[in-house]
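Heads up: the structure comes next, in structure tokens.
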Amino acid sequence: MPNKPDFQQLSSLLGPGQVLSHPAELLVYEVDAALDRGTPDVVVFPQSTADVQRVVRWAAGQGLPVVSRGAGTGLSGGAVAEHGGLILAFSRLNRLLELDIPGRSVLVEPGMVNQHLDEQVRRHGLYFPPDPASGRSATLGGNVAENAGGPHCFKYGVTTNYITGLEFVLSSGEILTTGGPAFDYPEYDFNALLAGSEGTLAAISRIRFRLLRQPPAIRTLMAAFESVEHAGRAVSAVIAAGLVPATMEMMDQKIARIVEDYAHPGLPIHAGAVLIIDLDGYPSSLDPQENEITRILQQNGGTDLRIARTAAERDQIWFGRKSAAGAMARLAPAYLLLDGTVPRSLLAQALEMTNRICEKYELRVGYVFHAGDGNLHPFILTDPRDPELLHRTHQAGAEFMQAVLALGGSITGEHGVGIDKRPYMSLMYSPAELNVMRSIKQVFDPLDIFNPGKVFPPPDQTVDTSRGVPVQSTALPPLRWAPESPEDAAAGLAALSRAGESLLITGRPLEDAPPGRVLSTCALNSVSACAPEDLYVTAGAGMRLDDLHAFLAPLGLQTTLRSPWPGATLGGLLAANVNAPLRMRYGGLRDQVLAMTLVLGDGRLVRLGRPVVKNVAGYDLPKVLVGSFGPLGLIAGATLKLTALPRQTTSLVYPVSDIYAGLACAAACLSQAVVASGILLGAASAAPPSLQPALAGAPYFLIYTAEGLAEDVASEIEIVRDLLAKHGLSPADVMDSPLADQTWAAFLNHPAGDGLLLRLGLPPASLGGFIPAHLEAFHRGSFLVDVPSGLIYAAAPLSDFTSAQAWLDSLRHPALQAGGYALVIDAPAVFSPHLDRWGYRPQTLELMRKLKSLWDPAQILNPGAFLV
């Protein structure tokens, strides 16, 4: 550093006690929970977003690195000031700013502790599922930065699945927001990019999360097995039966004995492996779940089954499991905690390979596993004072990374890359793939001040230079073109980019495609991999969704993608981010994508992600393509999560006489929803013909669909019937079908010649005020409301452009004022040249343009299809 920074000037920008620069005060900030060390030049405690902005601008002017830090519980060196500089310590930005109970969302500051949030929302019957082992002290900003998981992510997902909006400060000092209180804003999914970015892109200052309803009942089982292999087979058998426990955690005998000696949770220390399973749902479903899982465990060698009969007993078991790190600290001065993820059916093989590695280097090791999602954590005991032992420890860590990659896994499932795993990124990704990720850094942080040098190895320390390089072909593809492989697509797009020839991407067969230069994905239409035991499928972008579901149904499996349009393809649905009502049960479409094969506009072919539930190695680029509408690249194929077909689906249909009563009833239903897969409120004209007799002339209707285990569905349906009876409603019909999705699909399958079809996205809690205020506009045609998602679908048969524009404006302007948006899904062709389809300007628009220019420099992909 050429000149010593002026810390007095920095202090003058802030209040007293917000700046630490004395060497003794800085010692505690040299480390996080990993082995890496680095001394910062100064530590700052911002107390507002404005403080963060001032500090970042000051640091940028000084050329100082900026490292964001929460509680310092990270396990990869991410919060260590490797190159000195400034640590932004967020511990004082720790408030719960908004708690929207009807809308099931919160707005928090990044320094709030994970467990404190969960405790506060549980008082209102709500639940924040991400629960890392360090949740008693880890902050939510750190959870976002590392995309934290925890034991419950097998059923409920990781942190990124709950982020709906972020406020962040760029290296320029600009404050931006992405996402917000509504769902599915028309913008690139930068929430997904910032989640797991390890502080390398921006300083996050506010976080908006969605919440779930707290499960009504929980039960914890524990079983002993002869070996990890036997326990792993039991896990696979539980999944194969179509059961989804809340957690499936495993410990090997070494760790079990260490934890028992430390925390005394009553583990069966004679066993080769211990499996801990949480069941949740309605009380009526717990006995059947317990009986079925117990039978499966016993059939696969499980013994000494123990049921936690009280909350205290359950807490004792989980305290033991989450104390593994503390227990290991008693045995050696330090440990290297690794974090590989493999397809869950290969856990035993990964363990065997890791044992051989540790025996080779004469190292002591113990294991804990998130068995449900294939995430294994070897604890390798070491001593930083012994250079030779430390060298052997790191050698073993390197070989472990190679082993999990050989099994198709990831070098990190939840702890992040940071400093610790940085050298292994080039083993997982090609130079082209790493450069695509580096381009994200270039867009967000061109000054390279945020956590510089973390995550990515230097460009000259990469290997495998063959993958991802554009093919140097000069022959242009045909005007009407259906590439037969991603490589074929890459060669053609490279040639078109050099020639500056733009094209439209479509999933339609060439004979049905629009005029002009077209790339159809119709030939990329096969399943290339399907692993029922690991719950994933990989298919080409041109595969029709109907065909994919027909392929999966005999296996008892499904994707949770749905489409209103016959012939819709996987790539088209991903690009358009089409979310059906069942997103309330399984998460949005973005949450289903594990990996993606992508061809950029200049012909670079990259394969990003892995077929595992947890992967935080680098930026989560596949999610950025979801809802991007094609201008960034061609989605050539995708790997999706699978889930078991529900054992029971039941729908209730209610005629509703008054919109206020309908909205109140829908909100009351949402407050009780646990296994609901759709809550729709609509005008009677939006109901399919088959439902019209049941409505008996009522002007509105309400549909409630629940799916899952039969006992859970029956319990929830009974609760909803009783609840709505108190509101004076009686069901007109009860059906064993996913009626919410079917009704949504029928309404959206709307021919363009009939007028405009809109999608309004609003904060869900605002529906009760917005819809009555604009009921006259909605009754110009018809409307359907996806209540939990805050999405209103409105159609009006308007034949002239002036009337159509006026109707659109009458809904779009108030939607924007309410923090939402209104976009045009469909319109007559004669309106299209004059109609603003989006009507929304995201704060991140300039970042979107910069990313487009780097991935599609010749601007050839889908011109005019989206905002950029």
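The values are calculated or read from the model by the stated rules, or taken from the named source; none is laboratory data. Just so it is clear, the model here is predicted, and its values are computed rather than measured. Quick reminder, even Gly has a Cβ in these numbers, built from the backbone with ideal geometry, and neighbours come from all protein chains shown. Surface accessibility is based on the protein's heavy atoms, side chains included, excluding ligands, DNA and RNA. Shrake-Rupley method; radii C 1.70, N 1.55, O 1.52, S 1.80 Å.
Some observations on this one:
- D278, D722, reordered so the largest accessible area comes first (probe 1.4 Å): D722, D278
- One decimal place: the segment L305-D6 gains 101.3 nm when fully extended, by the rule 0.36 nm per residue minus the C-alpha distance.
- Residue-by-residue Karplus 3J(HN,Hα) for segment 674-685, coefficients 6.51, -1.76, 1.60, Hz, glycine and proline x: 10, 10, 5, 10, x, 10, 10, 10, x, 5, 4, 5
- The chain - charge dipole about Cα centre, Lys and Arg +1 at Cβ, Asp and Glu -1, debye rounded to 20: 700 debye
- For a modelled paramagnetic label at A725, 7 Å from Cα along Cα-to-Cβ, the residues of segment 656-681 in reach, with backbone nitrogen under 17 Å, are 669.
- FRET efficiency, Q298 to A696 (Cβ-Cβ, R0 35 Å, nearest 0.05): 0.10
- Sulfur and carbon atoms: percent of accessible area, segment 124-179 [1.4 Å]: 54 percent
- Per-residue SASA remark: E718, around 110 Å² accessible (1.4 Å probe; ligands, DNA and RNA not included).
- Segment 747-868, accessible area per residue, ligands and nucleic acids excluded (1.4 Å, Å²): 38 Å²
- The simple spin-label model puts a point 7 Å past each Cα toward its Cβ; for E362 and R480 those points are separated by 7.2 nm.
- Maximal additional length on extending the L13-S671 stretch stands at 232.4 nm, based on 0.36 nm per residue less the C-alpha distance.
- Linear extension gain, A531 paired with R95, 0.36 nm per residue minus alpha-carbon span: 152.6 nm
- Accessible surface for H415 stands near 20 Å², nearest 10, in the context of the full protein assembly shown (1.4 Å probe).
- For K850, the aspartates and glutamates whose Cα falls under 14 Å of its own Cα, not counting residues fewer than eight places away in the same chain, are E187, D445.
- Between A773 and T39, the modelled label-to-label distance comes to 5.8 nm, taking each label 7 Å out from Cα in the direction of the beta carbon.
- Alpha carbon convex hull of segment 588-650, projected area averaged over orientations, nm²: 5.5 nm²
- FRET efficiency estimate (nearest 0.05) - Cβ-Cβ, R136 to Q395, R0 45 angstrom: 0.85
- Taking the charge dipole of the chain about its Cα centre, with +1 at Lys and Arg Cβ atoms and -1 at Asp and Glu Cβ atoms, the residue from P622, G567, S48 reaching farthest to the positive side is S48.
- Remark: accessible surface ordering of F701, F747 (largest first) is F747, F701, probe radius 1.4 Å.
- Helix content alone sets the calculated 222 nm mean residue ellipticity of the chain: runs of n ≥ 4 DSSP H residues at -39500 (n - 2.57) each, divided across all residues, give -9500 deg cm²/dmol.
- Here segment 620-763 is treated with +1 on each Lys and Arg Cβ and -1 on each Asp and Glu Cβ, and its dipole about the Cα centre works out to around 340 debye.
- Of the listed residues K623, K726, K254, the order by accessible area with a 1.4 Å probe, largest first, is K726, K254, K623.
- Carbon and sulfur %, accessible surface of segment 707-769 computed with the full protein complex present, 1.4 Å: 50 percent
- For segment 3-101, the carbon plus sulfur part of the accessible surface works out to 49%, probe radius 1.4 Å.
- With DNA, RNA and ligands ignored, accessible area of D736 (1.4 Å probe; Å², nearest 10): 120 Å²
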